[in-house]
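Below you'll find the structure, written out as structure tokens, and then a few comments.
The values are calculated or read from the model by the stated rules, or taken from the named source; none is laboratory data. Worth saying up front: this structure is predicted, and the values here are computed from it rather than measured. Using ideal geometry, Cβ is built from the backbone for each residue, glycine included, and neighbour counts are taken over all protein chains shown.
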């Protein structure tokens, strides 16, 4: 029975991955065609692919989500600082924070089709080796995005970290929030235990997402805010982890 269940998991995972690969190129072509249209329309067209990916993961892989703390989402846009374990959260956070943009590494924009579509959503693409210049870029463009009514999503660990591990939390997101005069909304989740990084296999189950209360930034230092975000996220991770660490 265990072999049969594993076989079905692999079948669903392969079908889901294949759906993503097959649908991405035509969706990108459509996205390029709607580029001249206003941003809200372009955003809706491009991100509809994300909703298809998340819906098909539920249908084919039995991968669902349960969210806690939606009442903590502020009315005004803010900086989202989220745990980074999987590809899932880079897509699924659109469910609760939309329209949104991301702080990401510039190399992602050259990935065929995916990167091209991503570029049309006007992310804040930085060169990680640029140091102070990269931070200034995040602050300048981040303020512009926030003022345009978009949530700015930052993964403070910078890269996907396996379940049970913790990366170094960087203070760029907190610096942006302080400069913009807005709060930080922390988000914890255990997506990496169901959709592991660098793995084709998706495990069935319910991903838990916890949205925290906005963290005030006025009059505070970036490292102080970052430390509070890290403490909150990692405490929630200890509560929601199911202990699965292997793909």
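Some values worked out for this structure:
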{"item": "Top-ranked residue of the range 152-179 - restricted to ones that are without any contact (Cβ under 8 Å) to a residue 60 or more places away in the chain and part of a loop (DSSP other than H, G, I, E, B), ranked as nearest to residue 237 (Cα to Cα)", "result": "165"}
{"item": "Hey, residue 180 buried (at least 18 other Cβ atoms within 10 Å of the Cβ), modelled with pLDDT of 90 or more and over 23 Å from residue 24 (Cα atoms) or not", "result": "yes"}
{"item": "Selected residue (only one of 26, 38, 112, 74 is surrounded by fewer than 13 Cβ atoms within 10 Å (Cβ to Cβ), within 27 Å of residue 149 (Cβ to Cβ) and free of Cβ contacts under 8 Å to residues at least 40 places away in the same chain)", "result": "38"}
{"item": "Where residue 42 falls short, out of the listed (1) closer than 30 Å to residue 133 by Cβ; (2) out of contact with any strand residue (DSSP E or B) (no Cβ under 6 Å at 6 or more places or on another chain); (3) in a loop (DSSP other than H, G, I, E, B)", "result": "(3)"}
{"item": "Odd one out for residue 164, checked against (1) at pLDDT 95 or above; (2) over 16 Å from the mean Cα position of the chain (by Cα)", "result": "(1)"}
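Residues checked against (1) assigned to a loop (DSSP other than H, G, I, E, B); (2) touching a helix residue (DSSP H, G or I) at 6+ places or on another chain (Cβ under 7 Å):
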{"position": "97", "(1), (2)": "yes, no"}
{"position": "102", "(1), (2)": "no, no"}
{"position": "115", "(1), (2)": "no, yes"}
{"position": "122", "(1), (2)": "yes, no"}
{"position": "137", "(1), (2)": "no, no"}
{"position": "142", "(1), (2)": "no, yes"}
